[in-house]
Amino acid sequence: MNAADGRAMGRALELAAEAGAEGDVPVGAVVLDPTGRIVGEGRNLREQSHDPTGHAEIVALRAAAASLGSWNLEGHTLVVTLEPCVMCAGAVLQSRIGRVVFGGWDDKAGAAGSMYDVLRDRRLPYRAEVVGGVQADAAATLLRDFFESRR
């Protein structure tokens with residue numbers, strides 16, 4: 001992990017907190033260009049938008065692609081508070097993101113090494129470098145507090 005990753009995870013955690021405050025599962029994501037500048041950000045919006053694809057990663061990838069005027073995000077990094085699911089891992093590979101940094105592991109639905117390892121599957125034409133467990137305690141606290149408040 002480098003300094004840009006740490007700053008990006010801080011922003012992703014802020015976005016996750018915003019999602020939680022508005023009733024969505026608290027997950028946030030940002031896309032960094034090769035220089036470490038944020039070019040897209042997102043947070044879970046499924047409840048707000050009634051969109052099953054409204055995961056933080058998808059929202060951030062769409063924002064980055066729109067801001068750059070290209071779907072091809074080769075050389076970019078996705079920083080997200082929770083290990084991506086299968087849908088989001090697929091979107092990462094389709095966008096050609098080269099690196100994924102995430103906070104908490106998702107033992108129930110993760111697709112970056114815990115349940116599945118889609119992002120590094122050698123059978124696929126594209127793969128991404130994966131760095132997991134970055135500020136995992138902060139991400140886990142947001143999720144735990146969110147779900148405890150709903151029980």
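The values are calculated or read from the model by the stated rules, or taken from the named source; none is laboratory data. Please read all numbers here as calculations on a predicted model, not as lab measurements. Counting neighbours? That spans all protein chains shown, and the Cβs are built from the backbone with ideal geometry, glycine included. Quick note on the areas: whole protein, heavy atoms, side chains included, nothing else; ligands and nucleic acids left out. Shrake-Rupley method; radii C 1.70, N 1.55, O 1.52, S 1.80 Å.
Across region 1-32, the number of residues qualifying as open to solvent by less than 70 Å² (accessible area, probe 1.4 Å), assigned to a helix (DSSP H, G or I) and at pLDDT 95 or above comes to 11.
Could you go through region 33-43 and let me know if any residue there is crowded, with 19+ Cβ neighbours inside 10 Å and in contact with a Gly (Cβ under 6 Å, 6 or more places away or on another chain). The answer is yes; a qualifying residue exists. Residue count for region 116-138 under the criterion of being in contact with a Leu (Cβ under 6 Å, 6 or more places away or on another chain) and part of a helix (DSSP H, G or I): the result is 1. Annotation note: of Gly54, Gly36, Gly40, Gly20, the sole residue that is more than 9 Å from the chain's Cα centre (by Cα) and touching a residue at least 60 places away in the same chain (Cβ under 8 Å) is Gly20.
Listed here are the residues, each with its yes/no results for (1) more than 21 Å from Ala60 (Cβ to Cβ); (2) crowded, with 17+ Cβ neighbours inside 10 Å; (3) in contact with an Asp or Glu (Cβ under 8 Å, 6 or more places away or on another chain).
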site	(1), (2), (3)
Pro84	no, yes, yes
Arg96	no, no, yes
Asp107	yes, no, no
Gln135	no, yes, no
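One residue stands out in region 79-133 among those that are among the aromatic types (Phe, Trp, Tyr) and under 19 Å from Val31 (Cβ atoms): the one that is nearest to the chain's Cα centre (by Cα), namely Phe102.
The residues of region 137-146 that are exposed (fewer than 15 other Cβ atoms within 10 Å of the Cβ) and within 19 Å of the chain's Cα centre (by Cα), listed by number, are Asp137, Thr141, Arg144. Figure legend. Inter-residue proximity from region 93-112: first residues more than 23 Å from Leu142 (Cβ to Cβ) and assigned to a loop (DSSP other than H, G, I, E, B), second residues open to solvent by 30 Å² or more (accessible area, probe 1.4 Å) and aromatic (Phe, Trp, Tyr), beta-carbon distance below 8 Å, spacing 6+ or different chains. Indicated pairs: Arg96/Tyr126.
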